[in-house]
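S.K.: Please see the structure below; I have some questions.
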Amino acid sequence: MTETPPQPWWQKAVFYQIYPRSFKDTTGDGIGDLAGIIQKLDYLKGTPTSLGIDAIWLSPVYPSPQSDFGYDVSDYCAIDPIFGDLSTFRQLLREAHERDIKVVMDLVVNHTSAEHDWFKESRTSRENPKQDWYIWRDGSGDAPPNNWHSVFGGSAWQWDDQRQQYYLHLFLKDQPDLNWRNPAVQEAVWATMRFWLDMGVDGFRLDVYNFYFKDAELRSNPKRRSFKGIFYKYASQHHHYDQDQPELYSTLAKMRKIVDSYPGDRMLVGETSTLEDFRRAFSYYGDENKGLNLVFNFEILHSRWRARDFRKAIQHWQTCAPEDSWPTWVLSNHDVKRHGSRYSRGSQIDLARAKVAATLLLTLKGAPFLYYGEEIGMLELALPHHMIQDPPGKKFWPFFKGRDGCRTPMQWCDEANAGFSDGIPWLPVHENFKQVNVSIAAADDSSLLQYYKRLIRLRCATPTLLTGVMHLIEKVPRNTLIFTRSEAGDELWIGLNFSHRKAIVQLNFPENLEIILATHHAEGATFSHGVMALEPDEAVICRKIK
Ligand code: GLC
């Protein structure tokens with residue numbers, strides 16, 4: 001009999017995304033740094049009162065002109081001095097590992113910064129050794145080579161006076177796209193991966209991996225007939241030729257081979273936010289799961305607060321993802337409005353909903369990704385135009401206010417700058433920090449933070465929540481989601497009420513259920529004769545009593 005291999009850590013882990021600029025500043029320059037993350041590791045794991053997460057994913061900390069706040073890398077094998085240096089990074093790695101926290105780096109290799117030496121050399125002439133490391137074309141007359149748009153607005157082509165050609169940038173013009181069809185570029189990326197893997201990092205989040213390859217002939221994208229908008233031209237096309245090209249599959253498989261050649265289950269999680277159909281992401285697990293280990297699917301991130309939207313997203317995973325692929329679940333990240341604000345009306349968080357959302361995130365089968373601050377209910381900050389720093393935000397205001405609102409400093413306590421920095425924070429702290437912060441939340445047993453901790457502990461101690469089969473129950477009231485997780489005779493029932501009204505659910509079995517965790521304490525859900533009565537905005541996790 002063949003033994004089933006032990007489950008890799010990344011299938012059981014709770015991931016926590018840190019946006020390093022905004023987590024904790026130790027130098028007083030108003031920008032978070034690696035030493036700050038080290039200082040806060042105990043908050044994340046290692047003490048009885050820690051949050052209890054298993055892995056951190058760091059948004060980019062490499063040297064960068066910071067045009068897109070680190071997603072424009074000018075040196076892949078170093079640390080930007082604003083964050084520290086390689087020796088601080090090694091210390092972070094060591095101290096994280098001592099607490100059993102894995103460390104995942106952001107690998108941003110669709111494009112580099114225009115300040116990267118590779119690009120500086122490439123633009124000097126049409127003959128230099130790196131002349132073909134980026135995508136250069138002549139264009140015709142004054143017109144760029146094709147009709148592609150940048151995700152951040154405007155043409156994807158930039159004229160370069162020095163080289164007398166256009167270069168392609170699917171994001172900012174400061175972020176020229178690498179030419180992945182050049183084997184030397186691929187080798188350079190493999191070397192970058194090995195540099196960090198040799199040091200001991202546990203994996204990579206691949207930034208916009210589905211953009212690596214472009215159509216070999218750079219054909220223009222067809223127009224989207226139904227497009228009515230005039231402003232965001234990127235949405236006016238079908239992105240047939242500027243992303244998701246077939247060559248990507250074998251390349252991701254190569255990347256997987258590299259991480260697999262290291263001990264300790266190193267991993268890859270792929271990110272893209274621009275798929276025309278969310279379900280396409282599932283194909284990047286590759287044949288027999290030899291592509292990416294994990295693939296972000298942002299369908300629930302874009303779901304409205306309606307049980308049926310979440311149900312649909314869960315069903316897509318169940319019906320369209322390859323067998324044995326491991327799902328991922330994300331409610332917030334550094335590119336979208338915080339879900340605390342998306343799911344609330346007015347300026348206060350809807351605490352009950354935030355707890356229901358947390359229950360969902362941490363009980364679905366798959367890997368949950370938390371975004372710093374969601375555990376204390378941090379809200380989106382609305383910034384006036386003159387304070388916006390995110391480049392697409394500046395460009396599209398007031399239509400798109402940018403992504404600064406979800407990147408404000410972590411709220412640690414009610415002291416100056418929420419305990420984030422002794423200097424002037426690079427983005428303002430949310431004005432609610434006196435009420436919403438880690439130190440107040442840690443002292444309040446009914447806080448969102450304490451609920452996240454309970455959920456994470458329960459998850460960690462309950463194999464059924466980590467590996468159990470998930471089954472979505474059909475024919476339940478419109479505003480509820482009910483699913484089971486079961487394994488080795490253990491059966492858990494999770495009930496979520498998305499409405500502000502009581503919900504009565506017929507479970508159709510005679511046995512009773514015992515509540516093991518609930519958002520409401522006294523006067524919460526009740527069961528009798530196979531009926532689950534959920535209070536308004538309530539979530540419960542129950543075990544079937546045998
Ligand atoms: C990803 C990142 C985003 C960045 C873009 C370009 O979508 O999450 O922050 O701006 O890629 O690198």
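The values are calculated or read from the model by the stated rules, or taken from the named source; none is laboratory data. Quick caveat: nothing in here was measured; it's all calculated off a predicted structure. Positions of Cβ are generated from backbone atoms using ideal geometry, with glycine treated the same way; all protein chains shown enter the neighbour counts. Protein only, heavy atoms only, side chains kept; ligands, DNA and RNA dropped before computing areas. Shrake-Rupley method; radii C 1.70, N 1.55, O 1.52, S 1.80 Å.
S.K.: Quick one: 3J(HN,Hα) in Hz for the stretch 340-345, Karplus 6.51/-1.76/1.60 with θ = phi - 60°, rounded, Gly and Pro as x.
M.R.: x, 7, 4, 9, 10, 10
S.K.: Report, ordered by chain and residue number, the lysines lying within cross-link reach of K544, taken as a straight Cα distance under 19 Å and ignoring same-chain residues fewer than 8 apart.
M.R.: K365
S.K.: For the chain, what is the mean residue ellipticity at 222 nm derived from helices alone (per DSSP H run of n ≥ 4: -39500 (n - 2.57); sum divided by total residues; nearest 500 deg cm²/dmol)?
M.R.: Values: 14 runs with 125 residues, N = 546.
When only DSSP H runs of four or more count, the value is -6500 deg cm²/dmol.
S.K.: I've got another one for you. Just need log10 I(q)/I(0) for the stretch 114-216 at q = 0.21 Å⁻¹, Debye formula, equal scatterers on the alpha-carbon atoms, no solvent, rounded to two decimals.
M.R.: With no solvent term, the Cα-only Debye profile gives -1.18.
S.K.: Residues with amide H under 5 Å of I516's amide H, sequence separation 5 or more or different chain, H placed in the peptide plane at 1.01 Å from N; which?
M.R.: I541, C542, R543
S.K.: Another question, then. Can you pull the Rg over Rh of the stretch 39-84, Cα-only, Kirkwood? All intermediate terms of the calculation are to be shown ahead of the outcome.
M.R.: Numbers: Rg = 14.0 Å, Rh = 12.2 Å.
Radius of gyration relative to Kirkwood radius: 1.15.
S.K.: Something else: Could you check what % of the DSSP bridge pairs in the chain are antiparallel, to the nearest 5?
M.R.: Working: 40 of 64 bridges.
In the chain, DSSP labels about 60 percent of beta bridges as antiparallel.
S.K.: Here's another thing I want to ask about it. Give the lysines reachable from K290 as a straight Cα distance under 18 Å; neighbours fewer than 8 places away on the same chain don't count.
M.R.: K254, K257
S.K.: Given 37 °C and 0.692 mPa s, how large is the Stokes-Einstein diffusion coefficient of the chain in µm²/s, with Rh as the Kirkwood radius over Cα pairs?
M.R.: Details: Rh = 24.6 Å.
For the chosen part, D equals 134 µm²/s.
S.K.: Give me the accessible area per residue for the chain, probe 1.4 Å, as a whole number in Å².
M.R.: Working: 22260 Å² over 546 residues.
On a per-residue basis, the chain sits at 41 Å².
S.K.: Residue by residue, what Karplus-based ³J(HN,Hα) values in Hz, rounded to whole numbers, does the stretch 369-375 have, using 6.51, -1.76 and 1.60 with θ = phi - 60° and x for Gly and Pro?
M.R.: Whole-Hz 3J(HN,Hα) from phi for the stretch 369-375: 10, 9, 10, 2, x, 5, 5.
S.K.: Taking the stretch 468-545 as the region of interest, what is the percent of Cα-Cα pairs per 10 angstrom bin, listed from the shortest bin to the one with the maximum distance?
M.R.: The calculated distribution, bin by bin, is 20, 58, 21, 1.
S.K.: Could you give me the ³J(HN,Hα) list for the stretch 108-117, computed from phi with Karplus coefficients 6.51, -1.76, 1.60 and θ = phi - 60°, whole Hz, x at Gly and Pro?
M.R.: 10, 10, 6, 9, 10, 7, 5, 8, 5, 4
S.K.: Which of K130/K395; K120/K395; K233/K337 have a Cα-Cα distance over 29 Å?
M.R.: Result: K130/K395 exceed 29 Å.
S.K.: Please list 284-291, 330-337 highest first by mean number of surrounding beta-carbon atoms within 10 Å per residue.
M.R.: Numbers: 284-291: 17.1, 330-337: 20.5.
The densest-packed peptide leads the list: 330-337, 284-291.
S.K.: Now, a different point. Summarise the accessible area of the stretch 468-545 (1.4 Å probe, protein heavy atoms) by the percent that is carbon and sulfur.
M.R.: On the way: 1940 of 3780 Å².
Its accessible area is 51 percent carbon and sulfur atoms.
S.K.: To continue, here is another question. Under the √(5λ) rule applied to the eigenvalues of the Cα gyration tensor, what semi-axes describe the equivalent ellipsoid of the stretch 302-390? Give them in Å, descending. Write out the running numbers ahead of the final one.
M.R.: Numbers: eigenvalues 144, 45, 29 Å².
Each semi-axis is √(5λ); the values are 27, 15, 12 Å.
S.K.: If you roll a 1.4 angstrom probe over the protein chains with everything in place, what fraction of the accessible area of the stretch 83-145 belongs to carbon and sulfur, to the nearest %? Walk me through the numbers before you get to the answer.
M.R.: Details: 1170 of 2860 Å².
The value for the stretch 83-145 is 41 percent carbon and sulfur by accessible area.
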